[in-house]
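Visitor: I have a structure I would like to understand better, so I am pasting it below and will then ask my questions one at a time.
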Amino acid sequence: MTPTKAQLKGISMTKAKPVRQMTRAQRAQQIWSLLAWAAISRQTLNYDIVARLTGMPKQGVGDCLRPIQNYCLEKGLPALTSIVVNEPTGRPSDGFIASVDIPGTHREVWKYPWLEEKAPTTAQFAAAYSIAPLRRSKK
C-alpha cells in the first residue's frame, strides 16, 4: 500500500547525510578524559565499558588506546592505558607494552595528578601514534 500525501507530510524524502567517523586521534582524546577520570577515582575499566561509554565497537578500543599509550611513553607519564583491562583476566590486552608490573603500574596511574595534566591534542596523539613504529624498530 502506497502512503498518502497526508501520511508523508513532515517526512523528508532526501537521502540521509553520511555520518563522519571520528579519527583515531579524536577517539584517543575522548578516551583520555574517560581514563583520567577513572584514574583519579582509582578505577579500572574493561574494554566493554570503554566501548559503551564512547559509543565505539569493543574491537576498536585497543587501536584507539595505542596513541594514548605511546604519548604516555614519550612524555614519561604513568601508563594510563594500563587501567583498561580484560574482564576475565583483570590485565590489559597483548597490545599493552608499557609495563609488565601491572599492579605497580596501576598504583602509579592512580597516584598521578591527572587533572593537573593538560589533555593532549589530537595532533599530539596523531604524532605519538606515527612515531611508535619507528621507536619499536630501533629496539
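The values are calculated or read from the model by the stated rules, or taken from the named source; none is laboratory data. Not measured: the values here are computed from a predicted model. Because the Cβ atoms are built from the backbone with ideal geometry, glycine has one as well, and the counts that use them run over all protein chains shown.
Visitor: Might you let me know whether segment 12-24 holds any residue that is part of a helix (DSSP H, G or I) and touching a residue at least 60 places away in the same chain (Cβ under 8 Å)?
Guide: For segment 12-24, residues part of a helix (DSSP H, G or I) and touching a residue at least 60 places away in the same chain (Cβ under 8 Å): present.
Visitor: Determine if segment 97-111 includes at least one residue that is part of a loop (DSSP other than H, G, I, E, B) and surrounded by fewer than 12 Cβ atoms within 10 Å (Cβ to Cβ).
Guide: yes
Visitor: Tell me which of these ARG91 doesn't satisfy, since it passes every other one: (1) surrounded by 12 or more Cβ atoms within 10 Å (Cβ to Cβ); (2) of a type outside the set (Val, Ile, Thr); (3) in a helix (DSSP H, G or I).
Guide: Going through the list (1) surrounded by 12 or more Cβ atoms within 10 Å (Cβ to Cβ); (2) of a type outside the set (Val, Ile, Thr); (3) in a helix (DSSP H, G or I), ARG91 breaks only (3).
Visitor: Something else now. Please pick out the residue among ARG66, ARG91 that is touching a strand residue (DSSP E or B) at 6+ places or on another chain (Cβ under 8 Å) and basic (Lys, Arg).
Guide: Just a single option satisfies the conditions, and that option is ARG91.
Visitor: Now, a different point. Inspect all residues belonging to segment 1-24 and state whether any of them is among the hydrophobic types (A, V, I, L, M, F, W, C), in contact with a helix residue (DSSP H, G or I) (Cβ under 8 Å, 6 or more places away or on another chain), surrounded by 14 or more Cβ atoms within 10 Å (Cβ to Cβ) and modelled with pLDDT of 95 or more.
Guide: no
Visitor: Condition first: hydrophobic (A, V, I, L, M, F, W, C) and out of contact with any helix residue (DSSP H, G or I) (no Cβ under 8 Å at 6 or more places or on another chain). Now tell me which residues in segment 38-64 satisfy that.
Guide: Residue satisfying the conditions is ILE49 alone.
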